[in-house]
Amino acid sequence: VAEKPVPVDDPPVPEVHVKVSNRDRLIFPDSDVTKGDLADYYARMAPVVLPWAANRPISLVRCPQGRAKRCFFQKHDAGTFGEHVKHVPIREKDGSVEPYLYIEDADGLVMCVQMGTIEFHGWGSTVADVEKPDRMIFDLDPDEGLGFDLVKKAAEDIKNHLAEIGLVSFPMLSGGKGVHVVVPLKPEAEWPAVKDFSERFARALGEAEPDRYVANMSKAKRKGRIFIDYLRNQRGATAVLPYVARARAGAPVAAPVTWTELRDIDSAHRWGVRDSAELLERANSRALAGWGVADQVLPDL
Ligand code: ATP
Ligand code: MN
Ligand code: MN
């Protein structure tokens, strides 16, 4: 029997049926990245973005005239995105029901770019059951000027504390200043329980090491410390999704990494939209296989 040839070429770019207008418009003027470049980035990255971005309520950071101009955060929409962007009705605190956005495929991703989107942020739950998070996130927000070494140390500490209570976690560079520690969950507990757990976990760290950590959002209390932002874990909150571009200087992207490689990385914006080939190769590498996946539930704390 003839052996199948080992594929050596880049994986095929998924077929996209969305027409992107103004492909030459500079979205990242400082990095020379156009709307067309960004659309191509998302089309190419779709196979590794969609496992995280598809089928969960998303919020978009839209900057139709480029990242240096007016940007806005969009949670819902009544239908201006066309057929490739779907809606899931979600009850708000005040009792009203709003059509939240979600996507299913590469067309959905690229349609959002066509509408001026740079960043995709996701709920911590899927449209299958928006009330039951499938992950918990500790978003490490360092005080202005705090070194990345301290952020890495904090992430590693959190990993170890989570491991002590039986939870596996994964690090992601935010593309900005911090690291997100991602704890995959089976969607069993509802939002209040997950928020409560994450808040108590963050507060315990803040109390054990008050010189390093705060669990309080106030910037005044952050002085020289890292805010362990557990508030990503409340119903309606979002966090930037893996491999998503950030509307920041240099066109950086949020990048999953392994705990081992994190030790040798010196910023949260190590990769950018120009690095799609490397990012794809990384995402499909043995080291990152299984990143963000674990069959676990929160223990009693
Ligand atoms: P960094 O590493 O620089 O902190 P980050 O993505 O963690 O990057 P944060 O400012 O810590 O950024 O997180 C803010 C979170 O709040 C984002 O993950 C996003 O989902 C959400 N967010 C951002 N802008 C808005 C907004 N205008 N309204 C509501 N939520 C927002
Ligand atoms: Mn952050
Ligand atoms: Mn934050």
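Bear in mind that the values in this text are calculations on the coordinates, not laboratory data. None of the values given here were measured: they were computed from a predicted structure. Counting neighbours? That spans all protein chains shown, and the Cβs are built from the backbone with ideal geometry, glycine included.
The table that follows gives values for the structure above.
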{"item": "Enclosed volume per residue, in Å³, of the convex hull spanned by Cα atoms of the stretch 157-301", "result": "130"}
{"item": "5 Å-binned pair-distance histogram of the stretch 111-229 (Cα, whole percent)", "result": "2, 11, 19, 21, 19, 14, 8, 4, 1, 0"}
{"item": "Beta bridges by DSSP in the chain, antiparallel share as percent, to the nearest 5", "result": "95"}
{"item": "Debye, to nearest 20: dipole size of the stretch 1-150, +1 on Lys, Arg Cβ, -1 on Asp, Glu Cβ", "result": "520"}
{"item": "Unit charges on C-beta of K, R, D, E only; dipole of the stretch 220-260, Debye", "result": "280"}
{"item": "Mean residue ellipticity (222 nm) of the chain, computed from DSSP H runs ≥ 4 via -39,500 (n - 2.57), nearest 500", "result": "-8000 deg cm²/dmol"}
{"item": "DSSP-loop trypsin sites (Lys or Arg not before Pro) across the stretch 258-296, with at most 13 other Cβ within 10 angstrom", "result": "Arg263, Arg286"}
{"item": "Cysteines not pairable in the chain (beta carbon separation under 4.7 Å absent)", "result": "Cys112"}
{"item": "Helix axis angle, 191-208 relative to the chain longest principal axis, alpha carbon, degrees", "result": "50"}
{"item": "Stokes-Einstein translational diffusion, the stretch 91-176 - Kirkwood Rh over all Cα pairs, 1.002 mPa s, 20 °C, in µm²/s", "result": "131"}
{"item": "Pairs of alpha carbons in the chain whose separation is greater than 26 Å (percent)", "result": "46"}
{"item": "Unit Cα scatterers, Debye sum, the stretch 1-141: log10 I(q)/I(0) for q = 0.14, 0.15, 0.17 Å⁻¹", "result": "-0.72, -0.81, -0.99"}
{"item": "Residues in the stretch 132-150 reached by a label modelled at Glu188 [backbone nitrogen below 17 Å; 7 Å Cα→Cβ]", "result": "132-136"}
{"item": "Peptides 160-168, 116-124, 59-67, 244-252 ordered by average Cβ neighbours within 10 Å, highest first", "result": "116-124, 244-252, 59-67, 160-168"}
{"item": "Under 5 Å, built H, 5+ apart or other chain: amide partners of Val214", "result": "Ile226, Phe227, Ile228"}
{"item": "Spin-label proximity, Ala208 to the stretch 144-183 - amide N less than 14 Å from point 7 Å beyond Cα toward beta carbon", "result": "154-167"}
{"item": "FRET efficiency for Ile265 and Glu131, using Cβ-Cβ distance with R0 set to 35 Å, rounded to 0.05", "result": "0.50"}
{"item": "Entries of Lys153/Lys219; Lys35/Lys132; Lys93/Lys221; Lys152/Lys195 with Cα pairs more than 27 Å apart", "result": "Lys35/Lys132; Lys93/Lys221"}
{"item": "Gained length - Glu156 relative to Ser96, 0.36 nm times residue gap less alpha-carbon distance", "result": "17.5 nm"}
{"item": "Tensor-based shape of the stretch 227-301 (alpha-carbon gyration tensor, a/c under 1.5 rounded, otherwise prolate or oblate)", "result": "oblate"}
